[in-house]
Amino acid sequence: MSKNLVIYFSAGGHTKLKAIQLAEAIEADIFEIEPVKKYTKADLLWMNPLSRSFREVATRKSKRPEIVDKELDLTGYNKIFLGFPIWGWAAPSIVNSFLEKHDFSGKTIVVFATSGGTMKLDGSVKSLIPSLSETTIVKEGRVLNGEWTKEELADWAKDL
Ligand SMILES: Cc1cc2nc3c(=O)[nH]c(=O)nc-3n(C[C@H](O)[C@H](O)[C@H](O)COP(=O)(O)O)c2cc1C
């Protein structure tokens, strides 16, 4: 039987909440991408050029923040939902760190996100491509800002 999986990164908790709600709505397993060094409030001051997150956006094509090494067996998961906060119209580079550590060949990844207002996911999807094999299908899901009921989430997810 095919299973669903929700994978997420969340620095401040917003995406985590959506990931948990989505996993509950579609009865999926859930996996968190965890940074070795947790993000502090100061790290997340994204308008400040000296903050960690600003620097990670600026260096996202060359640098890979370290993630906690956790076991993940992707066998049997056909559809994988991948969520994160939009950082500078793209995915945080820690998501690239994660994708480069695992083999998503032949899998379908549906991207979702939270944001401070950006509703477009095309830049985020584009930023993930260099970290994936040619046989991985990446689909633009949606930005899940605002309130979503379980039924709305399940309804949205089933057609992807
Ligand atoms: C470094 C950084 C860059 C961001 N860039 C954007 C952006 O380009 N567009 C946007 O709408 N929000 C942006 N945000 C806001 C986050 O996407 C938003 O607060 C998100 O919901 C945080 O999710 P989290 O609590 O799961 O970390 C940025 C936040 C950070 C820290």
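For helix 14-26, what angle does its Cα long axis make with the longest principal axis of the chain, in degrees from 0 to 90 and rounded to 10? That works out to roughly 10 degrees. With all pairs of separate Cα atoms included, the range 3-158 yields a Kirkwood hydrodynamic radius of 15.7 Å. Write down the percent of antiparallel bridges among all DSSP beta bridges whose residues are both part of the chain, to the nearest 5. That works out to approximately 10 percent antiparallel.
Measure up LYS38/LYS120; LYS18/LYS120; LYS37/LYS120; LYS16/LYS120 against 23 Å on the Cα-Cα distance and list the ones that go over. Don't skip to the end; give the middle numbers.
Details: LYS38/LYS120 27 Å; LYS18/LYS120 17 Å; LYS37/LYS120 28 Å; LYS16/LYS120 19 Å.
Pairs exceeding the cut-off: LYS38/LYS120; LYS37/LYS120.
Hull volume per residue, based on the alpha-carbon atoms of the range 121-160 and their convex hull, is 78 Å³.
What list do you get for MET119, MET47 if you sort them by fewest beta carbons within 10 Å? Intermediate values should be presented prior to the final figure.
Numbers: MET119 10, MET47 7.
Taking fewest neighbouring Cβ atoms as first place, the list is MET47, MET119.
Between the exposed loop cleavage positions of the chain, defined as GluC sites (Glu not before Pro) in a non-H, G, I, E, B DSSP state with at most 13 neighbouring beta-carbon atoms within 10 angstrom, the longest gap is 72-133. A run of the chain free of exposed loop cleavage sites, with trypsin sites (Lys or Arg not before Pro) counted only in DSSP states other than H, G, I, E and B and at most 16 other beta carbons within 10 Å, reaches its longest extent at 71-119.
Could you tell me the relative contact order of the chain? Use alpha-carbon pairs under 8 Å, at least six residues apart, and round to a whole percent.
Details: 288 pairs, mean separation 38.0, N = 160.
This gives 24 percent for the chain.
Near ILE26: Cβ cut-off under 12 Å, other residues only, Lys/Arg at +1 and Asp/Glu at -1. The net charge is -3. Residues THR118, THR135, THR59 in ascending order of nearby Cβ atoms (within 10 Å, fewest first): THR135, THR59, THR118. Among LEU144, LEU99, LEU74, the largest mean-square fluctuation in a Gaussian network model of the chain, built with springs joining Cα atoms closer than 10 Å, belongs to LEU74.
Since every read-out is calculated from the coordinates, none of them should be taken as a lab result. Just so it is clear, the model here is predicted, and its values are computed rather than measured. Cβ: placed from backbone, ideal geometry, glycine included. Neighbour counts: every protein chain shown.
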